Amino acid sequence: SAANMAKAGMEYALWQVKEKNATLPLTCDVTLNTGSFHVEATDDSLFVPGGMLIKSTGTSASDVYTVQRVLTNPNGGQLPYSYLWCQENNINSSAIVRTSGLTHGIRSNGNINLSNAGTSVANGAWAHGTITTAGSVNPQYAGSHHIDIPLASAAYYMSIATEVKNANTTLSRLKYKNMSAVIYVRGSCTIDPHQKNDEYAGVITVFAEGVVTIQGDLLSKDVSSHFAVISATGIVIGAVKGPKGATVDAVLYSCNSGAGFVSFLDDTALTGCVIADSVTSIGTLTLYTDSGLDATVLKELHLPGT
């Protein structure tokens, strides 16, 4: 019956999240011998801590039946990549912060204090503690539940590495068109675009045991190219070369039991997201949604928790 198809859709969505580590939002269409179902699962943790809203529509012959339930997400709700800026520690920034796009804005497992009057966050702020701002931050959700931010496993990245650098190194001319690469660095790493407007190609993940420094712009060649920088220590973005400011298309990730950091040393426009124990910015920080960062790409980048 259509009701049985709808129930099967509910169970299928829960299985995808629990057993396959699928991230939210999730949409699936499945056809079986006795009918079909369309199921959508979205994060509902704003209203129910760890909640996942599942809506399933089953079809059998000419019968259609829809069921909707809020269940506990076995993976604890959204992963941090659902936010442009997700931080373990308190967020306390005097820089101008601006956000744009459909991705959720800013989330902290502590308090959020954005003290610059020029700040403009139109896609929300979530804090486990309090939210204070001198600028415009809407909507605000103080007292939100704690979000799990997975730790990056060095052993895992070593096991899947396509390249291993056994000392401090500089990476440039990162061209892996129609390919993927996982680069493991046993030390610190400088990512040097080599020249202005030099673009990376492919799906590239860099894991470094030490600090990663991005010199200048880091730009994707096309919509199928994506970049993740993961550091067990910290990430620094600064216009060491060229004109003032940097434009970066990447996921930046540095979480290490409260000690990981990302530092923006100049005005920065980041398309992607930043996840860290702490984030600091000297110049204006503008965060844009990368619409291509769907569940498939997050897995291809081997990001923690995916």
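Read-outs throughout are calculated quantities, based only on the coordinates presented, and are distinct from any laboratory measurement. Nothing here was measured: the structure is a model prediction, and the numbers come from that model. Note that we place each Cβ from the backbone using ideal geometry, even for glycine, and neighbour counts take in every protein chain shown.
Tabulated data
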| quantity | calculated |
| --- | --- |
| Among Leu287, Ile235, Thr170 the positive-end extreme of the charge dipole of region 153-306 (Cβ point charges) | Thr170 |
| Dipole moment magnitude, nearest 20 debye, the chain about Cα centre, only Lys, Arg, Asp, Glu C-beta charged | 240 debye |
| The chain - percent relative contact order, Cα under 8 Å, separation 6 or more | 13 percent |
| Region 199-242: relative contact order in percent, alpha carbon pairs under 8 Å with at least 6 residues between | 50 percent |
| Neighbour-count ranking [beta-carbon atoms within 10 angstrom, fewest first] of Ser159, Ser82 | Ser159, Ser82 |
| Share, in percent, of DSSP beta bridges within the chain that are antiparallel, nearest 5 | 25 percent |
| Among Leu298, Gly58, Ala250 the positive-end extreme of the charge dipole of the chain (Cβ point charges) | Ala250 |
| Percent antiparallel among DSSP beta bridges (both partners in region 22-175, rounded to 5) | 55 percent |
| Rounded, prolate or oblate (a/c below 1.5 giving rounded, otherwise prolate when a/b exceeds b/c) for region 250-291 by Cα gyration tensor | oblate |
| Modelled FRET efficiency - R0 51 Å, Ser36 with Ser180, Cβ distances, 0.05 increments | 0.95 |
| In region 231-306, trypsin sites (Lys or Arg not before Pro) in a DSSP loop with at most 14 other beta-carbon atoms within 10 Å | Lys241, Lys244 |
| Crossing angle, helix 2-20 versus the chain [Cα axis fit, 0-90 degrees, rounded to tens] | 30 degrees |
